[in-house]
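Before anything else, here's the structure in question.
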Amino acid sequence: MASSKEYLEFVLDQLSDLKEISYRPMMGEYILYCRGKVIGGIYDDRLLLKPVKSALEMVPEARMELPYDGAKEMLLVEDVDNREFLQKLVEAVCSGLPEPKKKA
């Protein structure tokens, strides 16, 4: 099942106070970026983020789910309605990832 544009727009609106949030459509789903870093995506209308240490510390009880068959598990964000929490969580993921490699 592909993700809806409406769910993507809702998540982007929840993150609208953060700088440099972007997305790219990918095979019916959406990859999310923060300051050029892949932080996760929207898969089957679920927000899944990379399970970096700082994010796992914020939500140690969070479920891990597969975005698609053969992928690594990602952190399922169930509390997407809590704008302040969601922004802090995304910022934690973004800060916990290395800078993107420069293209030659």
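The numbers here are math on the coordinates, done by the rules we state, and not lab data. Quick caveat, the model's predicted, so the values are computed rather than measured. In this analysis, Cβ positions are derived from the backbone assuming ideal geometry, glycine residues included, and neighbour counts consider all displayed protein chains.
Which of the residues that make up region 48-75 are closer than 28 Å to residue 103 by Cα and either in contact with a Ser or Thr (Cβ under 8 Å, 6 or more places away or on another chain) or in a strand (DSSP E or B) (or both)?
Matches in region 48-75: 48, 49, 54, 74.
Give me a count of the residues in region 76-87 that are out of contact with any helix residue (DSSP H, G or I) (no Cβ under 6 Å at 6 or more places or on another chain), part of a helix (DSSP H, G or I) and surrounded by 14 or more Cβ atoms within 10 Å (Cβ to Cβ).
Total meeting the criteria: 2.
Is there any pair with a first residue in region 4-19 that is in contact (Cβ under 8 Å) with a residue 12 or more places away in the chain and a second that is aromatic (Phe, Trp, Tyr) whose Cβ atoms are under 7 Å apart and which are 6 or more apart or on different chains, and what are they?
Qualifying pairs under 7 Å: 8/23; 8/30.
Name every residue in region 1-44 that is part of a loop (DSSP other than H, G, I, E, B), touching an Asp or Glu at 6+ places or on another chain (Cβ under 9 Å) and surrounded by 15 or more Cβ atoms within 10 Å (Cβ to Cβ), in order of residue number.
Across region 1-44, the qualifying residues are 3, 18, 35, 44.
Can you name the number of the only condition in (1) part of a loop (DSSP other than H, G, I, E, B); (2) within 24 Å of residue 6 (Cα to Cα); (3) touching a Gly at 6+ places or on another chain (Cβ under 8 Å) that residue 100 fails?
Answer for residue 100: the failing condition is (2).
Looking at this structure, is residue 79 out of contact with any Pro (no Cβ under 9 Å at 6 or more places or on another chain) and either within 18 Å of residue 10 (Cβ to Cβ) or without any contact (Cβ under 8 Å) to a residue 40 or more places away in the chain (or both)?
Spelling it out, residue 79 is indeed out of contact with any Pro (no Cβ under 9 Å at 6 or more places or on another chain) and either within 18 Å of residue 10 (Cβ to Cβ) or without any contact (Cβ under 8 Å) to a residue 40 or more places away in the chain (or both).
Any chance region 7-22 includes a residue that's among the β-branched types (Val, Ile, Thr) and more than 23 Å from residue 102 (Cα to Cα)?
Within region 7-22 (the criterion being among the β-branched types (Val, Ile, Thr) and more than 23 Å from residue 102 (Cα to Cα)), the answer is yes, since at least one residue qualifies.
If you don't mind, there's one more thing I want to ask. Looking at 43, 68, which is the one that is within 14 Å of the chain's Cα centre (by Cα) and among the hydroxyl-bearing types (Ser, Thr, Tyr)?
43
Looking at this structure, is residue 65 free of Cβ contacts under 8 Å to residues at least 40 places away in the same chain and exposed (fewer than 11 other Cβ atoms within 10 Å of the Cβ)?
no
Please find, within region 88-104, the residue that is surrounded by the most Cβ atoms within 10 Å (Cβ to Cβ) out of those that are among the aliphatic types (A, V, I, L, M) and farther than 12 Å from residue 47 by Cβ.
If we take residues in region 88-104 being among the aliphatic types (A, V, I, L, M) and farther than 12 Å from residue 47 by Cβ, then 92 is surrounded by the most Cβ atoms within 10 Å (Cβ to Cβ).
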